[in-house]
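The values are calculated or read from the model by the stated rules, or taken from the named source; none is laboratory data. No experiment lies behind these values; they were computed from the predicted model shown. Because the Cβ atoms are built from the backbone with ideal geometry, glycine has one as well, and the counts that use them run over all protein chains shown.
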Amino acid sequence: MKAFSLHLLIDLKAGLRDKTLLLMNYLFPLGFYIIIGGIMPKLNPGYLPMLIPSMMIFSILVSTILGLPNGLVTSRDSGIFRSYKINGVSKLSMLGIPTISTMIHTIIVTIIILVSAPILFNAILPRNIMGFVVVFVATLLVFSGFAVLIGVVAQNASTTIIYAQALFLPSMLIGGLMFPTSSLPNSITKFGRLLPTTYAMDAYQALANNQVANFDPIISIGILVLSGLISLYLSWYLFRLDSNNTSKAKSNILALGALIPFVAAAIFI
């Protein structure tokens, strides 16, 4: 446990010292938050209730999907994971430490947004703080799971970018972050049901703001948590110490199993 804690502390410091990680964990999400907070409420006053949840989810997206996978791919390709294995570091620690470190950075950014948004932009605080925490934890779990899974199955840094953007861009455009999904065409709304942000924003309205939601919030949270757990398990199962180890390569198609809860939800609810 002492070695795990020391490794986690080193990884946390790296998140502040490394320019790329600092950008993804803090500068990009907070900078975007300041810009959107200053512009969107003036263009659309109805955006104020969405400011905190949308920026919370955006910070999670950036830190996990855009920031986490590349570090895992780099560690694998440069032989760091192989060195860890030789020195007795478990597979669980190799995957868990960067994930937990990213989660901690995201929690800090979310607290900054939660405290500053009402002061800077007159944003509306969540009415139910426990509901807010539940949605935050479920959203952080699913995107962390997806991020680790991308880092495990991606063959190189270029592939990582493609996979990450395939999730990031739709989540931003049709996942309910910038405007309500109810304002989108029906065909696009149905596609949006494949995205975690759709259920996260919907659950926030029910659990944190005590408003009517499109889906049962318990089902929405269940979908997010289940997909996150499946992603983390598949990440552990498909993990490779280096790019030359092809013993698990045949199983990479199993990574699509992380989407099963969302596909089922899009069909049945």
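If you go through the stretch 50-85 and keep only what is surrounded by fewer than 19 Cβ atoms within 10 Å (Cβ to Cβ), on the phi < 0 side of the Ramachandran plot and either not charged (D, E, K, R) or not in a helix (DSSP H, G or I) (or both), you end up with Thr74, Ser78, Ile80, Ser83, Tyr84. Residues considered: Val115, Val135, Val152. Of these, the only one that is touching a Phe, Trp or Tyr at 6+ places or on another chain (Cβ under 9 Å), farther than 21 Å from Tyr199 by Cα and in a helix (DSSP H, G or I) is Val152. Does Gln205 qualify as being closer than 25 Å to Pro29 by Cβ, at pLDDT below 95 and not aromatic (Phe, Trp, Tyr)? It is true that Gln205 is closer than 25 Å to Pro29 by Cβ, at pLDDT below 95 and not aromatic (Phe, Trp, Tyr).
Go through the stretch 99-120 and give me each residue that's under 21 Å from Met50 (Cβ atoms) and not aliphatic (A, V, I, L, M). So that I can check it myself, show each step before the final result.
If we filter the stretch 99-120 for residues that are under 21 Å from Met50 (Cβ atoms), which is where we start, we get 106-107, 109-120.
Within the stretch 99-120, Thr106, Thr110, Ser116, Pro118 meet the criteria.
With respect to the conditions (1) crowded, with 18+ Cβ neighbours inside 10 Å; (2) within 18 Å of the chain's Cα centre (by Cα); (3) more than 28 Å from Tyr199 (Cα to Cα), Leu22 falls short on a single one, namely (1). Of the helices (runs of 4 or more DSSP H) that lie entirely inside the stretch 195-269, those containing 1 or more residues that are in contact with a Ser or Thr (Cβ under 8 Å, 6 or more places away or on another chain) and more than 24 Å from Thr160 (Cα to Cα) span 196-207.
Of all residues being among the hydrophobic types (A, V, I, L, M, F, W, C) and either modelled with pLDDT of 90 or more or in a helix (DSSP H, G or I) (or both) in the stretch 86-104, which is farthest from Ile65 (Cα to Cα)? Just the residue, please.
Of the stretch 86-104, the ones among the hydrophobic types (A, V, I, L, M, F, W, C) are 86, 89, 92, 94-95, 97, 100, 103-104.
With either modelled with pLDDT of 90 or more or in a helix (DSSP H, G or I) (or both) added as a condition, the list becomes 86, 92, 94-95, 97, 100, 103-104.
Numbers: Ile86: 29, Leu92: 19, Met94: 18, Leu95: 15, Ile97: 16, Ile100: 14, Met103: 12, Ile104: 15 Å.
Looking at the filtered set, the residue picked out is Ile86.
Looking across Ala258, Ala265, Ala206, Ala213, one residue alone is closer than 21 Å to Val73 by Cβ, touching a helix residue (DSSP H, G or I) at 6+ places or on another chain (Cβ under 6 Å) and surrounded by 15 or more Cβ atoms within 10 Å (Cβ to Cβ). It is Ala258.
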